[in-house]
Amino acid sequence: MLFAIEEINGRQDLLPNITLGYEIYNTKGLKRGTVKGSMSLMTGGQVLVPNYVCRKGEDLVAIIGDLESSSTYLISQLIGLYHYPQISYGAMDPIFTDRVQFPHVYRTVPNQNYQHRAVVQLLRHFGWNWVGILSADDDSSERGSRDLKNLILSSGGCVEFMYTVSENKQKESVAKKILSSSAKVVIVNSDTDFLKSILVELHLKKCKKVWIFLSGLTYFALSVVPQVPEVLNGSLTFLIHKGNIPGLREFIYNYTPYNHKGDYLLKEIWMSLFFCYPRLANINGIIPALRPCSGRETVESVSTNIYDAVNFRIVYSIYTAVYIVAYCLHEMLMEKSHGIIMDPSILERPLQLWKVFYYFFISRFHFVCCLTQKMSASF
């Protein structure tokens, strides 16, 4: 996102005389963090007061996020009240195609229904007619798993089981059910950490199943867990469309806490990747086990299995989302100034950007969707 914004701010043909700013909130995958981040973006202050905007001299024009469908839904319930455009870079739940319920939510990834059709074709190709499904314990995953089950049944296949994976269930119980099943193939529609412990348990029991992951992120996160790769041997996962972003890899390799001292998220990334803390970091309560960084650490030295700076998939979706915002804003300014952007002060205060976004997305956003509705299978 930072790379895209810097790239746009350096262009003369796109938003000249206007500088895009940004705020980034790390929700840590928690619903509480999602709500707090959304409220902070809307109010612009430390005190979260609904219906009050405390930021000065800045206009919030759009919100990009989130990765998961469940958190994207939460954000939409808050910011949708104020008609802010929202672009998700990972939510594939078909529910977001409902323009009545979600008039301001858009995405740069395809509808999950395309993925479900691909799964059915894959099952037919290999003659796998007897399968099981693991689902995460949230509305979006459960709804998607039910839709997939119905599609498999309507195509002539059979679903032996559909289990919901959650922290409230004993991993031994779920693992036992999978082991005792006669289904050779297990389809995974879950991204919970609880799944790791189940797979470790299955490894101990010498489980031999074919795993199909609907999320490439889930597969890659699990593949680096000790003992799990042996269980996943022969598994498949579906990946969203990737794209080439010239210059991004070098940007990431040269992006360090030492040349971007104000980036607190980068300091946290450094501690998780290298198990050290940057010497310039002002971090309270440093874990004693962490050593100071040498200053020579770079992302380039990290395995792509842990930090992929080569295959831009989710990254490409974010990059695309930022550019969509920029082009929409550019279109609005062109319309207001009769084709010539001269002075950003022509914008009315406060911005009613949602009106132009709504028109622009309805008429042109379908082209972007078509570009991203491609999937590949990774073996």
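Report, ordered by chain and residue number, the lysines lying within cross-link reach of Lys242, taken as a straight Cα distance under 21 Å and ignoring same-chain residues fewer than 8 apart.
Answer for Lys242, where 21 Å is the Cα cut-off: Lys374, listed by chain and number.
Considering the zone a paramagnetic label at Ser272 would reach in this model (a point 7 Å from Cα along the Cα-to-Cβ line), which residues of the range 15-58 have amide N under 20 Å from it?
Counting only backbone N, you get 23-38.
Projecting each Cα onto the charge dipole of the range 1-74 (Lys/Arg +1, Asp/Glu -1 at the beta carbon, about the Cα centre), which of Thr43, Ala4, Leu20 comes out farthest on the positive side?
Toward the positive end, the furthest listed residue is Thr43.
For Lys205 and Asn129 in the same chain, what is the full-extension length gain: residue separation times 0.36 nm, less their Cα-Cα distance, in nm?
Computed gain between Lys205 and Asn129 is 24.9 nm.
Skip the ligands, DNA and RNA, and give the accessible area per residue of the range 1-114 with a 1.4 Å probe, whole Å². Each step should come with its number before you reach the end.
On the way: 5870 Å² over 114 residues.
Per residue, the range 1-114 has an accessible area of 51 Å².
Using a/c under 1.5 as the rounded threshold, could you call the range 110-163 rounded, prolate or oblate? The axes a ≥ b ≥ c are square roots of the C-alpha gyration tensor eigenvalues, and prolate needs a/b larger than b/c, oblate otherwise.
Here the range 110-163 falls in the oblate category.
Ser155 to Tyr327: extension gain in nm, 0.36 nm per residue of separation minus the Cα-Cα distance?
57.7 nm
Treating only the Cβ atoms of Lys and Arg (+1) and Asp and Glu (-1) as charged, compute the dipole magnitude of the range 21-110 about its Cα centre; round to the nearest 20 debye. Kindly include the intermediate steps, with their values, before the conclusion.
Values: 8 positive and 7 negative charges, 45 e Å.
That gives a dipole near 220 debye.
Which value, in debye to the nearest 20, describes the size of the charge dipole of the range 142-300 about its Cα centre when Lys and Arg Cβ atoms bear +1, Asp and Glu Cβ atoms bear -1, and nothing else is charged?
360
Counting other Cβ atoms within 10 Å of each Cβ, which chymotrypsin sites (Phe, Trp or Tyr not before Pro) in the range 1-75 have at most 12 and sit in a DSSP loop? Write down the numbers at each step before the final one.
Working: sites: Phe3, Tyr22, Tyr25, Tyr52, Tyr73; in loops: Tyr22, Tyr25, Tyr52.
Of the chymotrypsin sites (Phe, Trp or Tyr not before Pro), the ones in loops of the range 1-75 whose Cβ has at most 12 other Cβ atoms within 10 Å are Tyr22, Tyr52.
Taking the alpha-carbon centroid of each part, what is the distance from the range 104-137 to the range 198-253 in angstrom?
16
Shape verdict for the range 1-122, please, from the Cα gyration tensor: rounded (a/c under 1.5), prolate (a/b greater than b/c) or oblate. Intermediate values should be presented prior to the final figure.
Details: a/c = 2.08, a/b = 1.36, b/c = 1.54.
Here the range 1-122 falls in the oblate category.
Name the long-range amide H neighbours of His241: under 5 Å, sequence gap of 5 or more, or other chain; modelled H, no Pro or chain starts.
Lys374
For the range 159-166, just list the computed ³J(HN,Hα) in residue order, Karplus coefficients 6.51, -1.76 and 1.60, θ = phi - 60°, integers in Hz, with x standing in for Gly and Pro.
Along the range 159-166, the couplings run 10, 6, 8, 9, 9, 9, 9, 8 Hz.
Along the charge dipole of the range 94-212, pointing to its positive end and built from +1/-1 on Cβ of Lys, Arg, Asp and Glu, which listed residue (Thr192, Asn111, Ser180) has its Cα farthest out?
About the Cα centre, the residue reaching furthest to the positive side is Ser180.
Taking amide H positions as placed 1.01 Å from N in the peptide plane, with prolines and chain starts having none, which residues 5 or more places from Phe213, or on another chain, fall under 5 Å of its amide H?
The answer is Val188, Leu236, Thr237, Phe238.
Which far-off residues, 5 or more places away or on another chain, put their amide H under 5 Å from the one on Ile87, with H placed in the peptide plane?
When sequence neighbours closer than 5 places are left aside, the close amide H contacts are Ile63, Ile64, Gly65, Tyr106.
Starting from the range 212-314, pick out the trypsin sites (Lys or Arg not before Pro) whose DSSP state is loop and whose Cβ has at most 11 other Cβ atoms within 10 Å.
Here the sparse-neighbourhood loop sites are Arg279, Arg296.
Carbon and sulfur atoms: what percent of the 1.4 Å accessible area of the range 79-175 do they account for?
About 48 percent, which is the carbon plus sulfur part of the accessible surface.
Going through the range 128-214, which trypsin sites (Lys or Arg not before Pro) have at most 16 other Cβ atoms within 10 Å and a DSSP loop state?
Passing both the DSSP loop test and the Cβ count: Lys169, Lys184, Lys205, Lys206, Lys208.
Given the pairs Lys171/Lys267; Lys31/Lys169; Lys28/Lys206; Lys177/Lys206; Lys184/Lys205, which span a C-alpha to C-alpha distance of over 22 angstrom in this model?
The answer is Lys171/Lys267; Lys28/Lys206.
Please arrange Cys54, Cys207 by accessible surface area, largest first, computed with a 1.4 Å probe and ligands excluded.
Solvent-accessible surface, decreasing: Cys54, Cys207.
The values are calculated or read from the model by the stated rules, or taken from the named source; none is laboratory data. Keep in mind that what you see is a predicted model, and the values were worked out from it rather than measured. Methodologically, a virtual Cβ is constructed for each residue, glycine included, from the backbone with ideal geometry; neighbour enumeration extends over all protein chains shown. Each accessible area value is taken on the protein alone, full model and side chains, heavy atoms only, with ligands, DNA and RNA left out. Shrake-Rupley method; radii C 1.70, N 1.55, O 1.52, S 1.80 Å.
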